[in-house]
Structures are given as C-alpha cells and as structure tokens.
1. When the range 100-125 is examined, which residues are found to be in a loop (DSSP other than H, G, I, E, B) and either within 9 Å of ligand 2 (Cβ to nearest atom) or surrounded by fewer than 16 Cβ atoms within 10 Å (Cβ to Cβ) (or both)?
2. Check whether at least one residue in the range 12-19 is over 28 Å from A132 (Cβ atoms) and surrounded by 17 or more Cβ atoms within 10 Å (Cβ to Cβ), and report yes or no.
3. Residue pairs, Cβ under 7 Å, 6 or more apart or interchain, first in the range 122-142 and farther than 17 Å from V17 by Cβ, second β-branched (V, I, T) and part of a loop (DSSP other than H, G, I, E, B). List them.
4. For the range 221-229, does any single residue satisfy the condition of being part of a helix (DSSP H, G or I) and modelled with pLDDT under 85?
5. Considering only residues that are modelled with pLDDT under 75 and surrounded by 12 or more Cβ atoms within 10 Å (Cβ to Cβ), look in the range 66-82 and name the one that is farthest from ligand 2 (Cβ to nearest atom).
6. Answer with yes or no whether C3 is within 13 Å of I125 (Cβ to Cβ) and either buried (at least 16 other Cβ atoms within 10 Å of the Cβ) or in contact with a Leu (Cβ under 8 Å, 6 or more places away or on another chain) (or both).
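The values are calculated or read from the model by the stated rules, or taken from the named source; none is laboratory data. Keep in mind it's a predicted model, so treat the numbers as computed, not measured. FYI the Cβ positions are ideal-geometry reconstructions off the backbone, even for glycines, and counts take in every protein chain you see.
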Amino acid sequence: MSCRRFLSIPVLSVILVMGFVYYITVFVFIDDWVGLQSSAGTLNAFVFSFLAFLCLFSLSVCVLIDPGRVPASYAPDVEDSSWSHSNATETRKCDKCFAYKPLRTHHCRVCRRCILKMDHHCLWINNCVGYANYKAFFVLVFYATVACIYSTVLLVCCVFKNGNSYAGNIPIKTFMVFCGIFMIGLSLTLGTLLCWHIYLIAHNMTTIEHYDSKRALWLARKSGQSYRHQFDVGVYKNITSVLGPNMIKWLCPTFTRNTEGGISFTASRDS
Ligand SMILES: [Zn+2]
Ligand SMILES: [Zn+2]
C-alpha cells in the first residue's frame, strides 16, 4: 500500500473533478433548485454526499491496493486442467521478470512487474487494474456514473425552476451551459465505460483478453463455429467470480477474495 500513488497529476485531477462536481451539485444545483435548508434540499444533499463518499472511498481502494503480485514461490501446476486448455502459444514465463506467469497474468511495462489477472494500467488511479482491485475499479465507475447522472438531473431541475432569472444574467447563464455540457459529457463517458466493464464481467474477460480473443472470434465465425471465451462459465458465475458470491456485497468496494486467489481459474470446459 503506497500513499505516494496519490501524488500524480491524473489522480489529483480526478479528486479535483470530484470536488468540483460535488460543489456545483450541492451548493449550486440543489441550493438554487429547492434551497439547502428545505427538507428536499437536505435529503438530496445527504444522498449526493453519500455517493461522493463512496466514489472517494472506491478511488482510494483502487489507488492504494496492490493489484496482484505473483508469489515468489509460484511454479505452474502441470496437472492443472486450465493450463492444459490454455493456448499453446501463450508465454508461460515472463521474459522481463524471468519468472513463471500464472494464467491471465501479464507484465505491466509501467509497473515493471507481472500483475495477476491484469486488465489494464490505469493512468487515472496511477495503478494497474488487476485481480485484487478490479472490483473496486468497477464499483468506482458504477458510483461515479450514478453520481454524474444524478447531478445532471438536479441541474435540469434547477434550470427548469430558474430558467427565466438566468436569461438576463449572462455570466450565470454561461456557467450553467458549461456545467450542462460538462456533466452530460462526463455521464456519457462514464456510462460507456460502465457498460463496457459490465460486458467484460458478464463474459469473464479482461480488457487484454478481449483484444486477444478478437482473432479467435474472427476465425471461429469464418469457419461457421461459435466462439466461447476460455473462462466464460456462465453469466451468474462470471459475475460472482468478480463481485463475490454475496449479492448484498456486490457494490461494496472492498475486495472479495475468492478461492482461486488470482493464480488458477475455472475454464469453461471444466464447468
Ligand atoms: Zn513480468
Ligand atoms: Zn501497471
């Protein structure tokens, strides 16, 4: 766990954007709409503050948690069926760490080490997204999308109520138009990222595996066969392997360690 990871311009920019969205939502949109002193204002401010806290907490988990380190003693189990089903051309030894790589592990050039079940290296959290922090990353994107859509709805309510008074005030009108474009853009970007990761989780794929599987999919389609990802064991099992077996804890950013430990995974032909 390294707090120094927070000291990067992209991470500080994310925190700054969070602070800006929180400020305009609570002190501009809600206050101008119903007033912070009213019961509706207090309730909306409380719900939005809770969402903002969940975003900040999930971001901290993503930044601070080690995404997944390969144990120094790791050696592949040749009896493991998922190894025998794996692509024969897959490199089993990292040519940079000179150590064995478990299945789904990849070498990150930025972190300069191998990451268990690596998804991608994310600039915005100054960390890799891997086995141990993927759930926190997904939950962060989920809460951030909900918060942005919520904020956009509050902005629309505020503009509908005060539209006439804004018309004659050019600086406020310009500021509200800027906020509208900013919030809609942010909601669409985060919403697209959320849909993408829901798709990946439902198919038990990482971003790297998705791009790797494109050729296999193309070849299967060309020969008239259907393609199924190696670790795709059905939508529900795929979801529980990432978010945990307890549905109540699916949106809790803390990691649910499963029995596989990021080293071995159930292949679809095993299930
Ligand atoms: Zn490596
Ligand atoms: Zn990395």
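1. Within the range 100-125, R109, V110, C111, R112, M118 qualify.
2. Scanning the range 12-19, I find no residue that is over 28 Å from A132 (Cβ atoms) and surrounded by 17 or more Cβ atoms within 10 Å (Cβ to Cβ), so the answer is no.
3. A132/I65; N133/I65; K135/T256; A136/I65
4. Checked against the condition, which is being part of a helix (DSSP H, G or I) and modelled with pLDDT under 85, the range 221-229 yields at least one hit.
5. S81
6. Spelling it out, it is not the case that C3 is within 13 Å of I125 (Cβ to Cβ) and either buried (at least 16 other Cβ atoms within 10 Å of the Cβ) or in contact with a Leu (Cβ under 8 Å, 6 or more places away or on another chain) (or both).
This table checks each residue for (1) in a helix (DSSP H, G or I); (2) surrounded by 14 or more Cβ atoms within 10 Å (Cβ to Cβ).
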site: V141; (1), (2): yes, yes
site: T145; (1), (2): yes, yes
site: Y150; (1), (2): yes, yes
site: S165; (1), (2): yes, no
site: T174; (1), (2): yes, no
site: F178; (1), (2): yes, no
site: I181; (1), (2): yes, no
site: T189; (1), (2): yes, no
site: N204; (1), (2): no, yes
